[in-house]
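Let me begin by presenting the structure, written as structure tokens, before commenting on it.
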Amino acid sequence: MGVMAIRLPRRRKYGKKAVLGLRSDVSAAFRENKAICFLALLFLAGMVVGAIIARNAGFRSISRLDFLFAGNFKARASQPFLTIFSASFASSFLFVLACFLCGLSMWGAFFLPVIPFFRGFGLGLTSGFLYVTYGWKGFLYNLSVILPGAFLCCFAILAAALEGIRYSRALEAHRAPASGGISMRNYVTRFGAILSCACVAAILDTLMSALFGGYFSF
């Protein structure tokens, strides 16, 4: 009994230190990456808002935004794979291009956070509509066909928004490349890499449609 009385406080003390250490690591990671965390939170907020609005949204309303979100699940079953890839990549390209152009303006940093929110809104709108209308069938379709490529695409959009904010702030502060700013060449190169990621996301989207799309009918 005496041994147990001695060991229990040590375990509690060790556990408390571990929890405090984990909290400090998480806080430090958040401080170092607060910009990307903020954009990710906006994206998630957009998904929540879109999912809530999906309760009252019809397929016609969603199909009007299909060019932006590439979420026309009814047309995927009959479209050729090249068309699915083109639609998915075009959707990603528009968002990345918007981030690129906003980054070239000193005021772009104030508008760029809207882009991840809007992309999250579209994804939440499609996901919520599928679940509300088709139940678990729509949920499984969304999980297996739409979300894999969509989340990789959203990662590219978050990276594009972050790069745009950095370059916009550098322009606002009139920082030259030699003094810590980002050169135009590096800016274009980074966006080229982001577009490559968006291209991979479109390929993944097409692959998921080819593998699992045939198992669902709406």
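The values are calculated or read from the model by the stated rules, or taken from the named source; none is laboratory data. Since the structure is predicted, the reported quantities are computational estimates derived from the model, not experimental observations. When we count neighbours, we look across all protein chains shown, and the Cβ atoms used for this are built from the backbone with ideal geometry, even at glycine.
Table for the structure above
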| read-out | value |
| --- | --- |
| From LEU162, LEU125, residue being in the same structural domain as ALA98 (by TED's automatic domain parsing), within 22 Å of GLY213 (Cβ to Cβ) and modelled with pLDDT of 85 or more | LEU125 |
| Test: residue in the range 89-109 that is farther than 30 Å from GLU172 by Cβ, at pLDDT 55 or above and either assigned by TED's automatic domain parsing to the domain that holds MET184 or surrounded by fewer than 18 Cβ atoms within 10 Å (Cβ to Cβ) (or both) | yes |
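Residues checked against (1) surrounded by 10 or more Cβ atoms within 10 Å (Cβ to Cβ); (2) at pLDDT 90 or above; (3) out of contact with any helix residue (DSSP H, G or I) (no Cβ under 8 Å at 6 or more places or on another chain):
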| site | (1), (2), (3) |
| --- | --- |
| MET1 | no, no, yes |
| ARG12 | yes, no, yes |
| LEU20 | yes, no, yes |
| LEU39 | yes, yes, no |
| ALA54 | yes, no, no |
| ILE62 | yes, no, no |
| PHE73 | yes, no, no |
| PRO80 | no, no, yes |
| PRO116 | yes, yes, no |
